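Working notes for the structure below.
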Amino acid sequence: MGHLACRREGSGHVLDLSGCRWVDPAHLVGVAAVAARHAGAGTRLRVIGPSRADQRRYAARMHLGRVLDDLGVAHDLVDVVPEADRVLDLLEVRRVTTEADALALARLVHGRTAAGDPVAAEALFTGVAELAANVADHAQAPGYVAAQVLPAAGCVRFAVADGGLGLRQTLAGRGARGARHALHLALDGTSRLADPTRGVGLVTVVHEVGRLRGSLFLASGTAAVRASGSAAPGRAVRVDSALRSPFGGTLVEAVVGVRGARSPERVP
Amino acid sequence: MIIELPSMVAGRGMADALVDRLAGELGGALVVLDCRHLVAGSPSFAAQVVSRVLGAGAAELRVEAAPDAFAAHLREAASRLGDRERLVLSEPAPSA
């Protein structure tokens, strides 16, 4: 997460991934969300890609450069990658602004995983649909989604981020006393809206992730928490941490165990 | 009144659109949620259907052939509303 911090450069800012030893979907959607935030505010941002060749190639494969181009953000990533190298890239970085976007991306991920593990595919559908829909409903900013198959670990990792209001501000009217408290309120099922049927999405995703031997990382502002370890509702173990560099918005990354986690066939 | 669900449903907006399409008064009505084609449904979608239909005073929301996970989302939403009695789940979907 530290690599998502920006430093000033003249009249603009730089987001520097050059020291990043490992890039995953959370980094990619985090960079996209930060870039969208700058683009929305009309402030100049330049993104420096990872120095390591394999990580640089991965960021390019996941079309981060293309997303930054669309936002008008300067960068040094190339985007010429043979499609044959992309078989494990379940979902390259995609923008989400509406519930319809969320559903389309959830369908895509489900379609690419259902043949190998229908149970995990259903959990991934719920995860992507709910987390992406939260962006559309609450963030007041565009969000980004990405997903990756990790065959060696037998899992799928997916991430959703936005550069919007952040959980502390979103839940201020529901009693959030600070960044960390806001994260726990959200994980307990507290929504911005008082409707008792609200707030089920994140709670269900944490439950599904626990059921499939996974974990969920949630970060917003200066706080982060990882929930893992139990399939029983409300029994997940939570570990808090503090972010040295605040994330202005909300970032969620989840890891889900997938049977076989074989390479998905590409869908045109 | 019948709401026929497609293979994948998610989001409160989609639930609103399907409920809004129903012709007639929901108050006192029997509303059937036909899940025969459903493969995956999100908890927010389930919550919104339950909230809209039961909140409008329907006599019963009868759910047919729902996959287990979606049925659990519906039950959870009805419980949160304190209204499990008017949600009736029948005929579980045959396992694949």
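The values are calculated or read from the model by the stated rules, or taken from the named source; none is laboratory data. No experiment lies behind these values; they were computed from the predicted model shown. Here the Cβ is made from the backbone with ideal geometry for all residues, glycine too, and neighbour counts use every protein chain on show.
What the table below lists for this structure:
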{"quantity": "Evaluation of B:Ala77 against (1) part of a loop (DSSP other than H, G, I, E, B); (2) in contact with a helix residue (DSSP H, G or I) (Cβ under 6 Å, 6 or more places away or on another chain) (one fails), failing number", "calculated": "(1)"}
{"quantity": "Residue in segment A:224-231 that is surrounded by 15 or more Cβ atoms within 10 Å (Cβ to Cβ), at pLDDT below 90 and part of a loop (DSSP other than H, G, I, E, B) present", "calculated": "yes"}
{"quantity": "Flag if B:Val63 is part of a strand (DSSP E or B) and buried (at least 17 other Cβ atoms within 10 Å of the Cβ)", "calculated": "yes"}
{"quantity": "A:Arg57 being surrounded by fewer than 23 Cβ atoms within 10 Å (Cβ to Cβ) and either of a type in the set (Phe, Trp, Tyr) or part of a helix (DSSP H, G or I) (or both)", "calculated": "yes"}
{"quantity": "Lone unmet requirement of (1) away from chain B (no Cβ under 12 Å); (2) touching a residue at least 60 places away in the same chain (Cβ under 8 Å); (3) crowded, with 21+ Cβ neighbours inside 10 Å for A:Gly210", "calculated": "(2)"}
{"quantity": "Failed criterion for A:Gly111 (all others in (1) within 10 Å of another protein chain (Cβ to nearest Cβ); (2) surrounded by fewer than 18 Cβ atoms within 10 Å (Cβ to Cβ); (3) at pLDDT 90 or above hold)", "calculated": "(3)"}
{"quantity": "Candidates A:Leu68, A:Leu4, A:Leu77, A:Leu17 - the one that is at pLDDT 95 or above, over 30 Å from B:Val39 (Cβ atoms) and buried (at least 18 other Cβ atoms within 10 Å of the Cβ)", "calculated": "A:Leu68"}
{"quantity": "Checking A:Tyr144 against (1) away from chain B (no Cβ under 14 Å); (2) outside any strand (DSSP E or B); (3) touching a residue at least 24 places away in the same chain (Cβ under 8 Å), the condition it does not meet", "calculated": "(2)"}
{"quantity": "Selection status of A:Glu130, charged (D, E, K, R), under 17 Å from A:Gly201 (Cβ atoms) and buried (at least 24 other Cβ atoms within 10 Å of the Cβ)", "calculated": "yes"}
{"quantity": "Failed condition for A:Ser191, given (1) more than 27 Å from A:Ala5 (Cα to Cα); (2) small (Gly, Ala, Ser); (3) not in a loop (DSSP other than H, G, I, E, B)", "calculated": "(3)"}
